Every structure is written in C-alpha cells, then in structure tokens.
There are 2 protein chains.
Amino acid sequence: MSDEVTGRTAGPRRRGGRGSGTVRAALSTTQYRSLKHRFPPSPVVSEDELESIHNASLTVLEEMGIDFMHEGARAILKKAGADVKDGVERVRFDRNMIMETIKTCPSEFTLHARNPERNIRIGGKNLAFAQVASPPNCSDMQGGRRAGNQQDFRNLVKLAQRYDIISCTGGYPVEPVDLHASIRHLDCLSDIAKLTDKPFHAYSLGKERNRDGMEIARIARGISHEQFEAEPSLFTIINSNSPRRLDTPMLQGIMEMSSRNQIVMLTPFTLAGAMAPVTIAGALVQQNAEALAGIAFTQLVRPGAPVVYGGFTSNVDMKTGAPAFGTPEYMKAVLAGGQLCRKYGVPYRTSNVNAANTVDAQAAYESVFSLWALTQGGGNFIMHSAGWLEGGLTASFEKFVLDCDLLQMVAEFLTPLDTSPAALGLDAIRDVEPGGHYFGTAHTLERFETAFYSPIISDWRNFETWSEGGSPTAYQKANAVWQKELAAYERPAMDPAIEEELDAFVARRKAEGGAPTDF
Amino acid sequence: MSDEVTGRTAGPRRRGGRGSGTVRAALSTTQYRSLKHRFPPSPVVSEDELESIHNASLTVLEEMGIDFMHEGARAILKKAGADVKDGVERVRFDRNMIMETIKTCPSEFTLHARNPERNIRIGGKNLAFAQVASPPNCSDMQGGRRAGNQQDFRNLVKLAQRYDIISCTGGYPVEPVDLHASIRHLDCLSDIAKLTDKPFHAYSLGKERNRDGMEIARIARGISHEQFEAEPSLFTIINSNSPRRLDTPMLQGIMEMSSRNQIVMLTPFTLAGAMAPVTIAGALVQQNAEALAGIAFTQLVRPGAPVVYGGFTSNVDMKTGAPAFGTPEYMKAVLAGGQLCRKYGVPYRTSNVNAANTVDAQAAYESVFSLWALTQGGGNFIMHSAGWLEGGLTASFEKFVLDCDLLQMVAEFLTPLDTSPAALGLDAIRDVEPGGHYFGTAHTLERFETAFYSPIISDWRNFETWSEGGSPTAYQKANAVWQKELAAYERPAMDPAIEEELDAFVARRKAEGGAPTDF
C-alpha cells in the first residue's frame, strides 16, 4: 500500500501541479500516468472451476480445433507439432503443446511512445487506458450522429492528447470513411503520430498496413530498425472470427507484428448466445480456446513476442439479438478472464463498454459497472476507455469527456489513503470543540485546495443554484468541456526532420497506391 | 462459491419464476431476497494503517472525549467506569474499557418483519437494501420538485413494497410535512406497517416516538411484549452530531431501543472538511471515535443488544462547502469503514449516494461508484439504496426505479457463475462450425429465456429503432415504470384484528396529543 505501487507521478499531488520529469509543463493532469492496481483481484470462480474452464477450452483445441485461414500460418503450426492436414484449414492442438508454447509469453513489457514519458507498461499490476476505437459513426450534442470523417477523427485524436488519463489511442477513434480505404491507414497513422506523442495501434487488415504502421511508428520515434525491433512501439488488436476462426488478415497481422517483436492483443469476440454458447461459462471456454490458439501462434512466430490476452465476452439481448454491455454477465466474464490471464501469466486486455444510445444514466451505469469489473478483475490494458457509445457503433465527444472523468475517479480510487500522523488529524480534532466545524482550522486551510478530487463533470451545486444556472445535465456539461479542451489543444513538438521523413514516407506509399483493399 | 453462500432464493432461477416458500405468488422478483456477499472485501489500508486509525480514535475518546447530552446516559457511563464529571457533558473513555464493552456486540442478528419471509439478516456476509429515507422533498418528471407530503410518502412506501430487492423502508422515504410533527410518526409508521410487510425504522426524536414505533412494530407482528424483546423488530438510525456530540433525543433513542433489544445503527455524519478533518483518514478517526462511543453505550444499556456500525464519511466540495457523494474519497472511506467493522465484529451500515440534481449520468455514476465501494467493502445494511437524489434532499420516483435496476444488477453480479458441464457447453461448441452462430442450437433454445438478467431500464435497441421509439432516456423510461408499478400495487394481507388494534393504538395516541415537538 505504499506510494511505490500506485504509480501516481511524484511531485505536486493534484490538478494544477506540474508532474516531475514530464516533457509538457503545466499540463494539469500529469499525475494520471503509469497507474497501478492496488486491490487484490476478485475471483468469480474457484480454482477448481477455473480449471474446468481451462480444461474445457483445451478440449476444444484438441478435439474440435480452430480454422487457420492462411497456408503459411498452418505451415508454422505444423512444423511446431500441431495437427494440420494438407489443404484443410482446421487445426487441432495437443493440450500440452499449447501450454508449453505459451510459456515464452512475457508477463510484462513496455509499449514505447515517441515521447518516452508516454511509454506504457503492460501487464503485472499496470493499468492503462486507450481511447475508443473503430466506431463507424460519431456524435456530439450540436452536430448529432454522423458517419465518421477525417475532421472528427482528428478532433477526437486531439482530445486523446488533452487528457493524461488517456494512455494512447486504441485505433481510429472514429472510422474516417471519407478517406479511401487504400490510403486511410497512411493518413490516419501519420496524423496520430503527429497530433499525439502517445503510442498507437495499427489495424491488421492486410500485411501492407501492418508494415506501413510499423514504419510510421519507427520514423516517429526516430529510431533504427534494430531499436524498433528491440522496443515494441506499436500494437494491433486481433479479433478472432468467433466461433473458432482466424482469417488471413489476422494471421498476417500476427506474423508481421510478432516477427518484429510488436504487440498483438488477441481478443475473441464471444457474445454469449450469438457467436458463443448462451452460457457465460461456455462463452469463456470458447474465448479461452480462441485466445490460447492465437497467443500460441504468436509464440511460434517469435518466442517471447509481446502478446496480450483480450477478453470481450458479453451477452446479447435474447429478445432481439442485440449485444448488451456493462451487464452483470459482462462483469463476471471480465473477472473470470482476469483469473485465466493470471493463470497463464499473460497481460489482460478488457474494455469500458455500454450499449446506451445517448449520454444518459444508462451510458454511465453500464460504463461504471464495466470499470468496476475491470478494476476488480485486474485488467492491464483497457480498450474503448473513453468515448464509446451504442455498443461501439458511435464515438461520442461528450461521452469521451465524461469517461475521462470516470477514469480519473478510478485513478483517484487507486491512490493510497494517507494515514500519516498529520492525515490522522488528532491535532485538528483537538482544535474543534463538539458542535463546531473544521472549515477554518489550520489543518483544513493547509489542505483544502488539494484535498479532494475535483471532477470534470459532476455538478455539486445545490438545486436552487443549479436551476438558476440552467439545470445542466452531465451531458450538457460534457458538451461544453470537449469544445473548450479542443480549442485549447496544442500539437506536441516533433523534430522537423522526423516530420519530413514521415511525410515523405506517406507520400511515397500513397504514390505506390497505398494498400490493397481486397483483404 | 456454492449456491449456499449466494442467498438467491431457491426455486426457479429467474424473473417470471416464483420463489419457493414466499407468501406472494407470482411476484416476479422474489429471487432478490437474502442476498449474500461473494467476493472477499477489498482492503484500502494495511493492517498497520488500520491500527493507526483505530488507535487514533481511541486517543480521541481517551483524551478529548465525546459530549453526552443526557444526565441519565452519563450516569450509566459513570457507573461503567467512564470518566464522567458531575454537571459536565464531556465524557472520556479508557481505551481498554471501550474495547471490553463492545465485546458483547452480536456480529449477526435478524430484523424481524410481520411477514417472516421478509425478515432481514444483518451482519456476516448478508447484504440488505433499505429505501431512501428522510428527504424533505420529492420529485418526479411530471410533477417536478415539491415539499414532502403524505400522498407522495404513501406512493413511495407502496413502491418499496413492489420490489423484492428493497429489503425494507429506511425511514420516511420523504418527510410528509403536511402531517403535524406531533402525530406524524403515528400516521407514517402505521402506514408503513400496513402498506408493506417488511421491517421498518423509527426516528429517534424523543423517547415517545421510539416507544410508539416499537408498539406499532409489535402490534403489526401480532406478538407479545416478551417475544418482541426476544426478536428485534425495529431499527433506528442514530446520527451523532459530529463533531463529538450525542444529543438528548439520540441518547434517549439508544436507551429506549437497546433496553428492549431493538436495533440501533450508530452513524456519525462526518463530512471531511466540514464536520470532520479535511483528510479522509482524519474523518475516519472521528467517525470511529463517535461510532465506538455510541456502540459502547448500547452495550452498557443492554449487553448483547443488536447494534450496527454506520459509515457515512464523505467529502465536501471545498469551493462551496457542498457535500459530495459517490466520490473516490467516499469509496475509500466505505472500504476503510468495512475494515473497521470486521475488526470489531460489528455489522456494517453504509449507503448508495449521489449529489446529482437530476436523473442524469452523474446520478448514475455516483451511485454505481457507491455500490462498487459498498460491495467491495462488505456493507451489510445499505441505507438510501433507492430513490436518493441531491445529496439526500430529494426522493426521486425515477431514481427509485433506476436504483432498483442497479441493485438487481449487483444482486445478479453476486450470483455464482455456473461452471457445470452443461454450462461449459462443449456439446454446443461442437455443434457450431467455425463461422456459424449459436442462435438456433439446442443449448441456446433450452436457456435463452432465462439466460441473462433482463433489465428494468436499459435500452438495448439499435439507434434507429430507439430513435423511432422517441429516443427515450433512462430517466424517461424510469418515469413510465414507476407509474406502472404504482398502479399495480397491491396491499399485503393483514389480519383484521391486528389492523383494528393498530388503528386503535394510533387513535388513542393521537387523542393523547402524540409526541412532544420540542425535542
């Protein structure tokens, strides 16, 4: 319970202070970097029950198998001893082979940023928050809901840079469909590399995109190919095609990224009742089988390559088939996923999710239930931490700001409770007679400005004052905040030579036609 | 992790089922009785740090003391060896005396209802939810915010009866200021005794009200004075006048209730920065000193009398002095309070709180942060579980329904994850080829109706359907639900002889003038 394990940046404790050793002076939120878990994870199943899930998933791998839709991948698997038949996509795995293969997974590693102060530790007790990724739509209170586009994309990326609690972008915060698919990754990734100084993600949609993403990350850091390969600087999410399928772009993504020691996050999309059994335990069995197969594959490509176990199991509304998020079932799946990851010694990726259509009470409670589960479940790398709405179909500017507030509250919850003699306050208690108050005591005056978390959104005015102020909802307050933060955005410094190299690379790759769109 | 410790009523597992042995048939939510904690509590301080808080609070009691504003109470304390000086309200306690005295506190006991199926176990792993209590105002979407009155009081009491997740009322869900203070307790408590079959609370506002409350509880149960004294059937909240003061009505309340073996919940109102030190640790020291003094007093009145340790420490907004709730600081205080209660072996009362002025995202996230803390903190008896708004100044009909949904989600989260072979679903996984789906499998068809929690409020329709449906927010949905539930209310059966006795008692006490109003 010492300061050492909490990871709040040293230096002045609160907003308004300046983090020690940070490159951006006067940024108000530098204490929200390098967060660490403080509470022992909550187990949702017993050790025996965990073994049952684990063993059932190994039975899936051994008896039913996974389709690997790439011949080169199957050749790697065959060479390693998996049960591969010529011309057949289905691959089966001896249970011992799986367990032996994943032994080389590192339990903790660093995702490097072009600003070393923004490096992210992944695994162990570390907790990092990535922005919402991949919605086809975005929305804000004035503009309404609209298809993703480059301007909104850039604005959301800028907002990701504004908050230190956001460790990095998690992909494209909205899909800019006004950019042609062949060159979208070039524009988007070079934008992210310039507009933020944080690490980023490349989609696995054909090997060219992985390669371009790695080159952009390398150039942005101004490092050699050798250093890039020694220091993971890019990550990719691989969502297996549940049930039990890894397609060509996914396998290419793993081969490209793992072979160069970059980070793969293997996340089966196992919605109980749709792409997975209707029971949470059954969905977990399938999630685990798919995750283990993909994780093992990364280690066959390159033993020791950094890999993350992704849990995304939730349930569907059985009346409509619509996905549900932030439910009690989701919470249990998150806790169980954490238990599996700790068993395997692999970092754990999970998400801050909800299925609300607007920034109302539902959006908030489903999100906080998600945050509860991922905090108590020991999640290490949290996708969709800020901005996700409608089960991921929309990136909301207001929800982004609201989520940053929620994440900061989680970070504050994870700071230690100061029980030093001065904090115990016996002198203060002695100073105040029964029936008195503490507003004017020396103990209070010394601390009142920094004593408590000062929220972004929460409105604590009394009803009368709040009514006179126009009765703003949290949604309306968040609307004002994101506009102010966007207006205050400043581009982080970049060496002009690096920027020139980056632009030249993008121009060349565009001239070459970008990447194929027939993946 | 067996069913045994989860407390969901046996019988059909889900909504639509009928709880076994329950008196009201076809009530859809009977599985939400007798909830139990499942997760090990999360410690926010180390054992050493807990000792520091504990020791500092004993120093407060030993060196600074607590004002006991009742001569008879001081006589009891003096006889027991406390440091009491004639004519002086300040009482100091030897630290060993406090620890010896609280040894007789029972760690677990039953609060009896007139319907034995509604008895509440308090302490140990038990978790019970009481409705919002004591706001001066109430509000709903159509009627707006208004002063409390008898009609709204009755409607909120009826709603408390509608949901099984609500273990009992927690006081008056809104203060009916249209009833004269001298007879308000008679009307309100006889209303609650008739309109619900759940246990209830009497305010400690002069000894006559405690006595009337106990008599109403006894008559409603149709039991003798002896049985009443053997079976705790009423509870009272004692909020010490922080800092360090227990006034006359509070001490009378303890003496009346504890001497007859009824339940006292001793809850200091320690807002850090206002009535307690600005540090959370300091506020906890003061909370603990006040709680221990009051709890010790209950045991001097009657060793073994049922008593609950109440934690209510939160922070204020230091810019305005307004109380804040559901904050990170509140969460830590809730966890630390749980650690203290487990140390002393005394049941723990805490609350579901927020400071929002409307049923928006803030109301939801502050509430779920509270629920997170009280679940991970091992709270046993939760006040203000449903309906609280504006830091307790308003009882909201919509928030009541929304909170019932949140509480039910917590209850579902506390059910075990079924890992039986059928739930692991290997046969289902075998049935579905890669690329397929589970919608039509036998495994799904057998379970889909009851597989997942079906929420009261959450709207999982896609954006288009939701928009066509008028884009309802959670607030609007809750508005429709409470009206429907109120319309569906049915009064629980009561023996006519008991009702007659109850009415006669109330009539007689009214004729006698009720209770003094100069407390």
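The values are calculated or read from the model by the stated rules, or taken from the named source; none is laboratory data. Note that the structure is a prediction, hence the values are computed from the model and not measured. Neighbour counts are summed over all protein chains in view; Cβ atoms, including those assigned to glycine, are modelled from backbone coordinates with ideal geometry.
The set of residues from region A:204-239 being in contact (Cβ under 8 Å) with a residue 60 or more places away in the chain and polar (S, T, N, Q) comprises A:233, A:239. Of all residues in region A:272-279, none satisfies being crowded, with 24+ Cβ neighbours inside 10 Å and within 18 Å of the chain's Cα centre (by Cα). Looking across region B:414-460, the residues that are small (Gly, Ala, Ser) and more than 7 Å from chain A (Cβ to nearest Cβ) come down to B:420, B:422, B:440, B:442, B:454. Screening B:199, B:173, B:135 for residues that are buried (at least 18 other Cβ atoms within 10 Å of the Cβ), under 19 Å from residue B:479 (Cβ atoms), away from every other protein chain (no Cβ under 14 Å) and modelled with pLDDT of 95 or more leaves exactly one candidate, B:173.
Only residues that are surrounded by fewer than 24 Cβ atoms within 10 Å (Cβ to Cβ) and under 23 Å from residue A:402 (Cβ atoms): list them for region A:177-196, please. Correct list: A:195 only.
Hey, does region A:347-354 have a residue that's within 30 Å of residue A:93 (Cα to Cα), more than 10 Å from chain B (Cβ to nearest Cβ) and free of Cβ contacts under 8 Å to residues at least 40 places away in the same chain? Yes, that holds for at least one residue. All told, residue B:145 meets the bar of being touching a residue at least 12 places away in the same chain (Cβ under 8 Å), in contact with a strand residue (DSSP E or B) (Cβ under 6 Å, 6 or more places away or on another chain) and among the charged types (D, E, K, R). Filtered by the rule that a residue be part of a loop (DSSP other than H, G, I, E, B), touching a Gly at 6+ places or on another chain (Cβ under 9 Å) and not small (Gly, Ala, Ser), region B:131-144 gives B:131, B:132, B:135, B:136.
Please go through region A:291-315 and give me each residue that is closer than 21 Å to residue B:406 by Cα and either touching a residue at least 60 places away in the same chain (Cβ under 8 Å) or more than 8 Å from chain B (Cβ to nearest Cβ) (or both), ordered by number. A:313, A:314, listed by residue number. Residues in region B:104-130 that are part of a strand (DSSP E or B) and touching a His at 6+ places or on another chain (Cβ under 9 Å): B:120, B:126, B:127, B:130. Going by what's in this entry, would residue B:307 be described as in contact with a helix residue (DSSP H, G or I) (Cβ under 8 Å, 6 or more places away or on another chain), surrounded by fewer than 24 Cβ atoms within 10 Å (Cβ to Cβ), among the β-branched types (Val, Ile, Thr) and under 22 Å from residue B:109 (Cα atoms)? It is false that residue B:307 is in contact with a helix residue (DSSP H, G or I) (Cβ under 8 Å, 6 or more places away or on another chain), surrounded by fewer than 24 Cβ atoms within 10 Å (Cβ to Cβ), among the β-branched types (Val, Ile, Thr) and under 22 Å from residue B:109 (Cα atoms).
With respect to the conditions (1) at positive phi; (2) small (Gly, Ala, Ser); (3) part of a strand (DSSP E or B), residue B:81 lacks only one, and its number is (3). If only residues of region A:148-189 that are touching a His at 6+ places or on another chain (Cβ under 8 Å) and in contact (Cβ under 8 Å) with a residue 60 or more places away in the chain are counted, the one that is farthest from residue A:412 (Cα to Cα) is A:171. Criterion applied to B:128, B:80, B:73 was being modelled with pLDDT of 95 or more, over 22 Å from residue B:337 (Cα atoms) and crowded, with 21+ Cβ neighbours inside 10 Å, and the one residue passing it is B:73.
Results for (1) within 30 Å of residue B:433 (Cβ to Cβ); (2) out of contact with any strand residue (DSSP E or B) (no Cβ under 9 Å at 6 or more places or on another chain), shown as yes or no for each residue.
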residue	(1), (2)
A:178	no, no
A:183	no, yes
A:198	no, no
A:214	no, no
A:241	yes, no
A:269	yes, no
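Scanning region B:260-290 for residues that are β-branched (Val, Ile, Thr), without any contact (Cβ under 8 Å) to a residue 60 or more places away in the chain and within 11 Å of another protein chain (Cβ to nearest Cβ) yields B:270, B:278, B:279, B:280. Examine region A:490-505 for a residue that is in contact with a strand residue (DSSP E or B) (Cβ under 8 Å, 6 or more places away or on another chain) and within 30 Å of residue A:398 (Cβ to Cβ), and state whether such a residue exists. No, region A:490-505 has no match at all. Can you tell which of B:480, B:373, B:386, B:474 is touching a Cys at 6+ places or on another chain (Cβ under 9 Å) and under 21 Å from residue B:363 (Cβ atoms)? Unique residue meeting the criteria: B:386. Taken together, the residues in region B:40-62 that are more than 7 Å from chain A (Cβ to nearest Cβ) and closer than 19 Å to residue B:100 by Cβ amount to 7. When the residues of region B:482-494 are filtered to those that are surrounded by 12 or more Cβ atoms within 10 Å (Cβ to Cβ) and not hydrophobic (A, V, I, L, M, F, W, C), which remaining residue is farthest from residue B:164 (Cα to Cα)? Out of the qualifying residues, it is B:483. May I ask you to list the residues in region A:461-470 that are more than 7 Å from chain B (Cβ to nearest Cβ) and under 30 Å from residue A:396 (Cβ atoms)? Those that are more than 7 Å from chain B (Cβ to nearest Cβ) and under 30 Å from residue A:396 (Cβ atoms): A:465, A:467, A:468, A:469, A:470.
A quick yes/no check of all residues on (1) assigned to a loop (DSSP other than H, G, I, E, B); (2) buried (at least 24 other Cβ atoms within 10 Å of the Cβ):
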position	(1), (2)
B:336	no, yes
B:343	no, no
B:349	no, yes
B:359	yes, yes
B:367	no, yes
B:370	no, yes
B:373	no, yes
B:382	no, yes
B:395	no, yes
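Residues of region B:368-380 that are without any contact (Cβ under 8 Å) to a residue 60 or more places away in the chain and more than 7 Å from chain A (Cβ to nearest Cβ): B:370, B:371, B:373, B:374.
Taking region A:384-393 as the range and being surrounded by fewer than 24 Cβ atoms within 10 Å (Cβ to Cβ) and within 22 Å of residue A:199 (Cα to Cα) as the test, only A:392 passes.
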